[in-house]
Each structure stands twice: as C-alpha cells, then as structure tokens.
1. Using only alpha carbon positions, build the gyration tensor of the chain, then give the equivalent ellipsoid semi-axes as the square roots of 5 times its eigenvalues, largest first, whole angstrom.
2. Under a cut-off of 16 Å between alpha-carbon atoms, report the lysines in cross-link reach of Lys161, not counting same-chain residues fewer than 8 places apart.
3. Just the accessible area per residue of the stretch 45-118, please: how many Å² with a 1.4 Å probe?
4. Treat every Asp and Glu Cβ in the stretch 93-214 as -1 and every Lys and Arg Cβ as +1, leave all other atoms uncharged, and give the resulting dipole magnitude about the Cα centre to the nearest 20 debye.
5. Rank Leu227, Leu3, Leu13 by accessible area, highest first, at a 1.4 Å probe radius?
6. Work out how far the C-alpha atoms of the stretch 295-343 reach from end to end along every principal axis, then list the three figures in whole Å, largest first.
7. How big is the stretch 31-99 in terms of Cα radius of gyration and Dmax, in angstroms?
8. At 1.4 Å probe size, with the rest of the protein present, what percent of the exposed accessible area of the stretch 120-169 is carbon and sulfur atoms?
Amino acid sequence: MSLLFSKTSLGPLALQNRLVMAPLTRSRATGNVPNDLMAQYYAQRASAGLIISEGTSPSPNGLGYARIPGAFSAAQVAGWRRVTEAVHAQGAKMFMQLMHCGRIAHPLNLPAGARVLAPSALAAAGEMFTDAEGMKPNAMPQAMTEADIKATIGEFAQAAKNALAAGFDGIELHGANGYLLEQFIRPNSNQRTDRYGGSIENRARFVLEVADAAIRAIGRDKVGIRLSPFGVFNDMPVYAAMAADYTYLARELNALELAYIHLVDHSPMGAPPVPDSMKATFRSVFKGALILSGGYDAARAESDLAAGKCDLVAVGRPFLANPDLVARWKTGAAVNAPDFNTFYTPGPKGYTDYPALG
Ligand SMILES: Cc1cc2nc3c(=O)[nH]c(=O)nc-3n(C[C@H](O)[C@H](O)[C@H](O)COP(=O)(O)O)c2cc1C
C-alpha cells in the first residue's frame, strides 16, 4: 500500500495525500499582485495534498526579486483569494510561504520608498536580476535598527492574518536559503552586537520572535517553517557550530509547537548534502510534522515515509514541469522535464503550458 498517495492529516487539516508541492518562485506576479494566470497554474497542480505557495513578501522591503507577489495590500489579498479558491476546488490545502528577501535584493526591484534591510550592513556575494537593467550585484543592505526589527515582526504577523483572509490554510515562514530569517541565524551575515547577534540564543531570537508573532496572529497549528541547515545558497557558508545551532533551533521551535518544520536539502542542485544525522536530530527533537524535500522521486518518497523519516515529502521541479504529477507518479508514467529557461520569465510559456496526460 502506498503511503505517499494515502490520506493523512496535518494538525486539524485533512490532506488528500502526503505529496507537497514545494515553494517555487515563478516571477509571474506583475506589479507584485497575484493574478488569474497564477490561479490557473496552482489549480493545475492541486492534486497535491498540500501546496506551499511561492515565496511571498510580508513587506514592500522584502520584495527583493522581480515580479514576486506580496501579502501586504488589499489587491494582493484579493488576488490570492482567487488562487486559494481555485486550489481548494481541486481538493488541495494551501499554505503561503512568507519570504522576506532581506539583503538578497536590488533597489530596482523594490517599490518606491522600500528599503533593502538585513541584520548587518554586509552585502551578499552574487547578482540579482532586475527587469530595468538586467543583472546587478546584490545591494548593500541597511543594518536593521531595533525599531526596524519590531516593525518587520509586525509585518510578518499582519501578513499571516492577510494570508488567512485570502483563504490560505496557514503560512510557512521562509527560514531557509539565505533570506532575511536565515540572515539572522547565520554568523557570516549577522554580526550584530545587540541581543539579536552573537550567541545562537541571540541569532535565533528574531526568527523565534517572528514565529511567536505569527502564532499569536493565526494560531500555532497554522504556522510552519522552512529551514536549510548546511545550506549554502545565497552566500551562506558552512561553519563549525552549524549542527549545534540548528539543534538549538529545533528545540526552541518544538517548544513553540509549530505545525511543521520543512527541511531543505539542495544536494540534488549541487550543494553539499545535509548530513542524515541532522535530519534525524530534527525528527527526534521536534514533535510536530516533519517535511523533507530535495531530489525526491516517488520511490525515495515512499521509502523515507515508510522508514518514518518524515510525515510529508515536498517536491519542486517535478511539480513545476508536471501539473498532474500525482497521476503520473501513481501510474509510473513518464514525466516532463523542467525547462529552466522559463523558470522566472513572465507569461504562460513554461508555466501553465506543461502538458498533462491525455
Ligand atoms: C524555480 C525555483 C524556484 C524556487 N523558489 C523557492 C521559493 O520561493 N522558496 C523556497 O523555499 N524554495 C524555493 N525553491 C527551492 C524548492 O522549493 C526545492 O527545495 C528545490 O527545487 C529542490 O527540490 P526538488 O529537487 O524537488 O526540485 C525554488 C526552486 C526552483 C527550481
């Protein structure tokens, strides 16, 4: 019997299977507002048990990339409502991933008046695509003041409320892949000398305060978090205390009783692998649901579920390229390959036109 394709629950939510569509930034939200093309794209993929939306900014300051959606204006909430209605009609549940890009940003991508913020005034290596001028170096961020920190926590809490108003079943905090929350966790990007920097207790404080604020806003069973221990994406080098720091985070997030932790392993994309011992630590320390992701096919998903390594499996590129991934994996049918040239380009090409089985 397949575990992957059998019904389960996530807290109070009934899921039609254990396959999760991983968060995938697709840059189709012209003007940072979700639209009908996005509703069509997500609805095509709503045979998943749970869909996690693309990274969505809780603040104008968090819109580091071109054409990513937000969750802070009435127009954005109205646009997202059309998405969640289309997804729910097909049976999937949907969480909004709240992604504040922090220093992975360029001012040309931000609306007027918005600021590139980070724990410290340290620019990330690497470049950022802008519609106006093509590739540009990541911007030098402003170090957040205590007032900025307070305001940003408030933006996350309000965005969580907005997500529910837009019909989402919950939110996932993007604490992975080098964005603002991870910028606080990691010592290379956080060199603060106040109570938000230095020891892991201090570097974890912002993330835990954001999680706590989100819980207070919408309830602990509606808040998950994505983390990338040992992830190096966006100029985040591995350091000696990595395992100890993330073990601390696992304990503190367990104390908050979050709905789930979602671990990223980008080794299939060329990054160093996440040690199995780190995943096992999260599994034993954290009592909520554990989602694993990265390079899964149906067989590996089935075997990790059967081994009890996780409760749900999230899949990115296969879902991007196969609207009917559930049907294909169930029957062992061939799958479409993803076209990386259209990952982030505007319009339906490489977005809503991947063929489904006839
Ligand atoms: C086009 C693209 C966009 C992505 N956008 C996000 C994102 O917005 N948030 C996030 O947490 N991860 C993002 N990821 C990472 C995926 O969620 C996933 O972890 C990764 O693709 C590895 O899983 P896979 O091997 O199943 O594709 C993105 C990946 C791709 C390929």
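1. For the chain, the semi-axes come out at 29, 24, 19 Å.
2. Correct list for Lys161: Lys222.
3. The answer is 25 Å² per residue.
4. Charge dipole, the stretch 93-214, about its Cα centre: 160 debye, nearest 20.
5. Leu3, Leu13, Leu227
6. 36, 22, 12 Å, listed from the longest principal axis down.
7. Both quantities, over Cα of the stretch 31-99: 11.5, 34 Å.
8. 59
The values are calculated or read from the model by the stated rules, or taken from the named source; none is laboratory data. As the structure is a prediction and not an experimental result, all values here were calculated from the model. Methodologically, a virtual Cβ is constructed for each residue, glycine included, from the backbone with ideal geometry; neighbour enumeration extends over all protein chains shown. Side chains are part of the model used for accessible areas, which takes the heavy atoms of the whole protein and leaves out ligands, DNA and RNA. Shrake-Rupley method; radii C 1.70, N 1.55, O 1.52, S 1.80 Å.
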